[in-house]
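The values are calculated or read from the model by the stated rules, or taken from the named source; none is laboratory data. It should be emphasised that the depicted structure is a prediction, and the values quoted were computed from it without experimental measurement. Cβ placement follows ideal geometry from the backbone for every residue including glycine, while neighbour counts extend to all protein chains displayed.
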Amino acid sequence: MIKLKKNKWILTIVILAVIVGFTVFFFWNNNNSQNGENYEATRTSQSNHIENTNTENLTNTSTPQENANTSPEDTNNTPNVVTKGVTTPQPVEETIANFSTKIYTKDSSRQNNINITCQALNGTIVENGATFSFCNTVGPATTAKGYQKADIFDNKGQKKKGLGGGNCQISTTLYNALLAVPSLVVTERHEHSNKVPYVQAGKDAAVAYGSYDLKFRNDSGHSVKILAESDGETVSVALLSIK
């Protein structure tokens with residue numbers, strides 16, 4: 001009887017040991033399986049990120065070394081912005097004549113008119129073979145342009161006030177500069193009805209829009225630029241050949 005009870009206890013202990021061992025093995029194995037899955041998931045995610053990163057780098061970027069090693073054939077589609085050949089020379093302006101006349105009156109209205117007309121004439125370019133017209137270039141003297149009344153001569157030689165008084169000194173100065181260049185042929189010129197004080201007799205050039213004009217034809221073979229200015233003391237005109 002005692003032996004039988006002892007065997008039952010041994011059997012019970014063995015069964016409990018087996019149950020405990022099985023339980024421990026089950027939980028250990030299950031935990032390792034979950035860790036393995038997490039590891040695999042993490043490793044797979046990292047691997048995909050690396051592959052995506054490498055693909056983006058290969059697709060969208062290139063290293064300086066790769067750019068430096070690019071052969072000429074690889075750039076055939078790039079527009080060539082360098083123009084080869086002989087560079088077109090820039091035009092050269094050469095002074096061929098100049099002339100100045102003294103302003104004898106300080107009348108503010110006359111000085112005003114002279115300045116306006118010099119500005120209108122200054123920088124005018126007469127192409128080779130073209131005919132220049134002083135009146136067409138400067139235009140009529142109007143109050144809208146800022147012209148004022150100053151001394152002029154009427155057709156009887158009488159002094160009176162008129163818009164644009166003083167313009168004739170500029171046309172006269174230009175005329176005398178033209179006389180120094182035979183290839184600039186004067187085709188129209190008129191003397192005043194009375195003597196003017198700023199140039200010797202017979203060398204003046206009267207202008208009046210719609211009646212008297214100063215014209216010349218450019219036969220020089222080059223374009224000619226007209227420069228005109230006044231400093232309040234003198235009127236100066238320079239002629240430049242553009243080559």
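Numbers below:
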{"read-out": "Test: residue in the range 133-154 that is modelled with pLDDT under 95 and either on the phi > 0 side of the Ramachandran plot or in a loop (DSSP other than H, G, I, E, B) (or both)", "value": "yes"}
{"read-out": "Lone qualifier among THR187, THR173 - being under 45 Å from the mean Cα position of the chain (by Cα), in a helix (DSSP H, G or I) and in the same structural domain as GLY139 (by TED's automatic domain parsing)", "value": "THR173"}
{"read-out": "Residue check, THR234 within 16 Å of VAL126 (Cβ to Cβ), among the hydroxyl-bearing types (Ser, Thr, Tyr) and surrounded by fewer than 16 Cβ atoms within 10 Å (Cβ to Cβ)", "value": "no"}
{"read-out": "Some residue of the range 211-220 being surrounded by 19 or more Cβ atoms within 10 Å (Cβ to Cβ), assigned to a loop (DSSP other than H, G, I, E, B) and of a type in the set (Ser, Thr, Tyr)", "value": "yes"}
{"read-out": "Failed item in (1) touching a residue at least 24 places away in the same chain (Cβ under 8 Å); (2) among the polar types (S, T, N, Q); (3) closer than 19 Å to THR131 by Cα; (4) out of contact with any helix residue (DSSP H, G or I) (no Cβ under 7 Å at 6 or more places or on another chain), with SER211 passing the rest", "value": "(1)"}
{"read-out": "Number of positions in the range 162-204 that are surrounded by fewer than 15 Cβ atoms within 10 Å (Cβ to Cβ), at positive phi and touching a strand residue (DSSP E or B) at 6+ places or on another chain (Cβ under 6 Å)", "value": "0"}
{"read-out": "Selection count, the range 127-153, where residues are more than 15 Å from PHE99 (Cβ to Cβ) and either out of contact with any Ser or Thr (no Cβ under 7 Å at 6 or more places or on another chain) or of a type in the set (Phe, Trp, Tyr) (or both)", "value": "18"}
{"read-out": "Hey, ALA228 part of a strand (DSSP E or B), buried (at least 16 other Cβ atoms within 10 Å of the Cβ) and either touching a helix residue (DSSP H, G or I) at 6+ places or on another chain (Cβ under 8 Å) or on the phi > 0 side of the Ramachandran plot (or both) or not", "value": "yes"}
{"read-out": "Selection status of ASN194, touching a residue at least 60 places away in the same chain (Cβ under 8 Å) and either over 19 Å from SER108 (Cα atoms) or not assigned by TED's automatic domain parsing to the domain that holds THR105 (or both)", "value": "no"}
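Quick grid of which residues meet (1) within 35 Å of the chain's Cα centre (by Cα); (2) farther than 24 Å from LEU178 by Cα; (3) surrounded by 15 or more Cβ atoms within 10 Å (Cβ to Cβ); (4) not assigned by TED's automatic domain parsing to the domain that holds ASP219:
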{"position": "ALA120", "(1), (2), (3), (4)": "yes, no, yes, no"}
{"position": "PHE134", "(1), (2), (3), (4)": "yes, no, yes, no"}
{"position": "ALA144", "(1), (2), (3), (4)": "yes, yes, no, no"}
{"position": "GLN148", "(1), (2), (3), (4)": "no, yes, yes, no"}
{"position": "LYS156", "(1), (2), (3), (4)": "no, yes, no, no"}
{"position": "LYS159", "(1), (2), (3), (4)": "no, yes, no, no"}
